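The values are calculated or read from the model by the stated rules, or taken from the named source; none is laboratory data. Here the structure is a predicted model, which means the values were calculated and not measured. So basically every Cβ, Gly included, is an ideal-geometry build from the backbone, and we count neighbours across all protein chains shown.
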Amino acid sequence: MSKTSCQIASNLYLVRQKLSDPTSGSKPVAPPPTNHIFVLDCSGSMYAELPKIREQLKTKLPKLMKMGDTFSAIWFSGKGQHGVLLTAEPIADLTALAGVNTTIDRWLQPQGMTGFKEPLEDVVGLVSKLPAKNVNNLVFMSDGCDNQWPRQTVIQAMEAASRTVNETTVVEYGYYADRALLSAMAQQAGGAHIFAEDFNQWAPVVEKVVERRARVGKRVAYKVDSDVIGGFVFAHQNGDLLTFGVEDGNDIAVPAGVPAVWYLSPVRVGKEVTSMSDAEAMTYAAISAFATRMQPQVVWPLLKKTGDVHFIQAFGKCFGKQAYSAFQAEVDAAVLDPARRRMAGFDQKAVPDDNAYTVLHLLRDLAADEDNKLVFDHPEMKYSAIGRRRVDATGSGLKFEADPFEQITGYSIGNLVYNEDRPNISMQVRKKGHVTLPADSPSSLHTTDARLFETFIFRAYAVVKDGLVNVDKLPMRLTDATRDKLREAGVGMRHIVEKGIDVVDVKSLPIINRSMIEQVSAQRYFETQIKLLEAQAGQKVYGSRMARRERVH
């Protein structure tokens, strides 16, 4: 097996290891039918999604599956709540649909908590009953975090299940799923880890997985010659990024027919070259794999190697799961399509400094001086509200009207508000104004105008929403000191002399820089993870209650 290395940075090499194919020279045979096995999360938080998924399974599968294919379904929620719904149903035979549909409607209902171990054990038992001549295609989907079993127990269950199937796809459904665990499960299975934000993204995933033929043949054992950064090797097949875990002794197990695997190494392996076929595409694949695992210290040198200004800028703005997911989806497209690479040009110096000026720096500098004023009524202030519209007191008829002079002169930023559960950062402002009181209100409340009552309200405006910049520009009346500071930091601004307004370009700034990430202590990380688990548990409980309420009504 030949091995070739291409240097990415100091102590970082992209290695290609070609694999021997034990099936080489064999007479081609027609691909056998596929047993499609879907393991579906039915925990409480899935209450809004399961009706759409049920309908898709009933209406789409008969059109997608090929003659001889079968469909099996396993449901799960919490510990002891799981089971096989359907076993090897030949859905291509339309006469079987009535019974299948009844079963899907009856059992795919939201309930309880989330546990991965038992449904994965069900896969092993199920496969033993399936036609041995067929290949087995496993799809595991969850929108949550396993709160029933230890992580290593789940990984071991996935390993046992993956040995019984030919191909595995792990679908991370929505922004509350445990990305780290699902990614590790896909890696253990040598399968694809796919993110689907909602049903609209889930639907094409199902169609793609069901329409293609699963890989035929057992896994073949190989060895790698180096410590592998991240503990996995990767390959790209059928449009999917596949990862394979490296076991003790540097052993890997890869399906027969995969021509080569790639990995990152701290040292050169085999022959060193300046370029090799597919190296650029697989550099983008490595960017995707390590971005999914939230390892920016590996992603940055890879990005610098590509010199891809578009992706360098996009990754610099990644803050939170939504931003990382959007970035990964774009990079995955660039792996397959060279036209998606370097759309904004080539510049290896575009990688920002470790201490680059960020959106956080900007907001702190703007809030530091109360004479910096935010001008909301300027046409370039385009803001998307993130919460529900506020409603006036029921039946009171009171309506707050902002001071028109203050609207023109602008508002000071009183505080910055950080959301505990989501990567949102908001500016809080105090608005002066009045309400018009009813004619019969106590006279002690009246001002010089018998019906006007002067008051104020606080409003929060999210500059960062779900890890993404929520405003492109901030029209400001800046003090000279603040304006000079922003210019020195290289912040883009356009000064409107006649109005005394500076339009500050927020979108061009990263939200946080690498130095901020590296300074997060282990204790702070642990505290953040605890808060994340609490938020996920709260979401589960809320979803479960909503599901019960829907069933009652």
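Structure notes:
- Count - residues of the range 461-473 that are hydrophobic (A, V, I, L, M, F, W, C) and surrounded by fewer than 19 Cβ atoms within 10 Å (Cβ to Cβ): 1
- Meets criteria (touching a residue at least 24 places away in the same chain (Cβ under 8 Å) and touching a Ser or Thr at 6+ places or on another chain (Cβ under 6 Å)) for A235: no
Okay, residues lined up against (1) surrounded by fewer than 18 Cβ atoms within 10 Å (Cβ to Cβ); (2) within 27 Å of Q237 (Cα to Cα):
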| residue | (1), (2) |
| --- | --- |
| V331 | no, yes |
| D337 | yes, yes |
| T358 | no, no |
| E370 | yes, no |
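- Within the range 160-174, being crowded, with 24+ Cβ neighbours inside 10 Å, over 16 Å from F244 (Cβ atoms) and of a type in the set (A, V, I, L, M, F, W, C) holds for one residue alone: V171.
- Which numbered condition K218 fails, given (1) out of contact with any Gly (no Cβ under 7 Å at 6 or more places or on another chain); (2) under 21 Å from T292 (Cβ atoms); (3) of a type in the set (D, E, K, R): (2)
- Residues of the range 118-170 that turn out to be of a type outside the set (A, V, I, L, M) and either part of a helix (DSSP H, G or I) or assigned by TED's automatic domain parsing to the domain that holds L241 (or both), as a count: 11
- Filter pass, I425 being touching a Leu at 6+ places or on another chain (Cβ under 6 Å), surrounded by 15 or more Cβ atoms within 10 Å (Cβ to Cβ) and modelled with pLDDT of 85 or more: no
- Screening the range 24-53 for residues that are among the hydroxyl-bearing types (S, T, Y) and under 25 Å from D143 (Cβ atoms) and picking the one that is modelled with the highest pLDDT gives S43.
- A residue that is farther than 23 Å from S142 by Cα, assigned by TED's automatic domain parsing to the domain that holds E121, surrounded by fewer than 18 Cβ atoms within 10 Å (Cβ to Cβ) and at pLDDT below 85 can be found somewhere in the range 79-90.
- Among the residues making up the range 347-363, those that are free of Cβ contacts under 8 Å to residues at least 60 places away in the same chain and in contact with a helix residue (DSSP H, G or I) (Cβ under 7 Å, 6 or more places away or on another chain) are D347, Q348, A350, V351.
- Of note, V261 satisfies the criterion of being assigned by TED's automatic domain parsing to the domain that holds I229 and buried (at least 21 other Cβ atoms within 10 Å of the Cβ).
- Residue selected from the range 474-503 under the condition in a loop (DSSP other than H, G, I, E, B) and more than 32 Å from the chain's Cα centre (by Cα), by the criterion surrounded by the most Cβ atoms within 10 Å (Cβ to Cβ): L478
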